[in-house]
Amino acid sequence: MIHRKSAAEIAIMQEGGRVVAKVLQRMKEVVRPGITTMEIAEEADHMARILDVVPAFKGYNGYPAVICVSVNEEVVHGIPSRSRVLRDGDIVGLDFGALHNGFYADAAVTLSVGETLPETLRLLDVTRDALYIGIEAAIEGNRIGDISHAVQSHVEKNGMSVVKVFVGHGIGRNLHEEPQVPNYGDSQWGVRLKKGMTLAIEPMVNAGSDDVRVLDDGWTAVTSDGSLSAHFEHTIAVTENGPKILTIDETFGEENRN
Ligand code: MF3
Ligand code: CO
């Protein structure tokens, strides 16, 4: 069942979403060559405490950390580690969710560490653009498939592949709700979008093949061919005035395009 949210509920999700955005903005300040992925997680935890939200992922199906930190060929769900040190030229995906007044918000960004190759930056640009193109399709009367198709077309047009085994999702009183939001498929597919639907749209894009596998830690998804992978995510609401991004900090200004 799809839970549509009232304007008041969307406003609560927007408050939580603003905090998620602030946490991810802070991550941009701390990510640099030499930092460990655990130090990144500790800073996210610290920020969540200061901003008074409950981190959503820790304990979710047994996930052990407050934030997912996925380096290079890691696609999603990387587990922070004291021994994983970020190096110049790496990319790092940071995925953070928060529970605020009974509602979840969920977002992700992929950052470059130090000096990165132009082709690596292109992967980040294509993935970020795919997210925003997908969001633009989240209008009343469209279908879920319009989002999926928009994301997939943009990625494949650029010679990259979308991951199929993980999908975006409805979000609200639960971190994951119906409907699923795949990053591939036909525009005729899926339910029609209606005002009040809240969705986490999250393209995961591989520079090489779309095939992924999960490491022995039971969480970390990596590309099977070792190619780089990027992930961007926003929580959005479908409104009568079009898609509204909830995981932004409007007070931050124009720079806030994750
Ligand atoms: N953004 C991811 C998702 O929506 C993060 C979940 S990680 C988990 O599925 F640890 F919470 F599972
Ligand atoms: Co998500």
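Amide H to amide H, with H built 1.01 Å from N, G93 comes under 5 Å of S70, V71, N72, L111, counting only residues 5 or more places away or on other chains.
Working with all protein chains in place, sort R18, R49, R213 by solvent-accessible area computed with a 1.4 Å probe, largest first.
Details: R18 70, R49 165, R213 125 Å².
Reading off the accessible areas and sorting them downward yields R49, R213, R18.
Close Lys pairs in the chain (alpha-carbon distance under 30 Å; sequence gap of 8 or more, or different chains): 24.
Counting only C-alpha contacts under 8 Å and six or more residues apart, can you give the relative contact order of the chain as a whole percent? Numbers along the way, then the final one.
Values: 671 pairs, mean separation 60.9, N = 258.
About 24 percent, as a whole number.
Sorting D95, D129, D216 by accessible area puts them as D216, D129, D95; the probe is 1.4 Å, largest comes first, and only protein heavy atoms count.
Springs between alpha-carbon pairs under 10 angstrom, Gaussian network model over the chain: which of P179, P33, P203 fluctuates most? Most flexible of the set in this elastic network: P33.
Under a 1.4 Å probe, what is the accessible area of the chain per residue, stated in Å²? Walk me through the numbers on the way to the answer.
Details: 10950 Å² over 258 residues.
Dividing the accessible area of the chain by its residue count gives 42 Å².
Using the Cα gyration tensor of segment 9-149, with a ≥ b ≥ c the square roots of its eigenvalues, what is the shape: rounded (a/c below 1.5), prolate (a/b larger than b/c) or oblate (neither)? The shape class here is oblate. Surface composition of segment 7-252: carbon and sulfur make up 48 percent of the accessible area, probe 1.4 Å. The A11 and E140 beta-carbon pair, evaluated with R₀ = 25 Å, returns a calculated FRET efficiency of approximately 0.85.
Note: relative contact order over segment 155-227, using C-alpha pairs below 8 Å and six or more positions apart, is 33 percent. Sorting 111-120, 159-168 by their mean Cβ neighbour count within 10 Å, with the most densely packed peptide first, gives 159-168, 111-120.
Can you classify the chain as rounded, prolate or oblate using the Cα gyration tensor, where a ≥ b ≥ c are the square roots of its eigenvalues, rounded means a/c under 1.5, and otherwise it's prolate if a/b beats b/c and oblate if not? Cα axes put the chain in the oblate bin.
Grab the DSSP H runs of the chain that are 4 residues or longer, score each as -39,500 (n - 2.57), total them, divide by all residues and round the 222 nm result to the nearest 500 deg cm²/dmol. Could the numbers behind the result be given before it?
Numbers: 4 runs with 71 residues, N = 258.
Per the formula, -9500 deg cm²/dmol.
The values are calculated or read from the model by the stated rules, or taken from the named source; none is laboratory data. Note that the structure is a prediction, hence the values are computed from the model and not measured. All Cβ positions, glycine included, derive from the backbone under ideal geometry; neighbour counts span all protein chains shown. Each accessible area value is taken on the protein alone, full model and side chains, heavy atoms only, with ligands, DNA and RNA left out. Shrake-Rupley method; radii C 1.70, N 1.55, O 1.52, S 1.80 Å.
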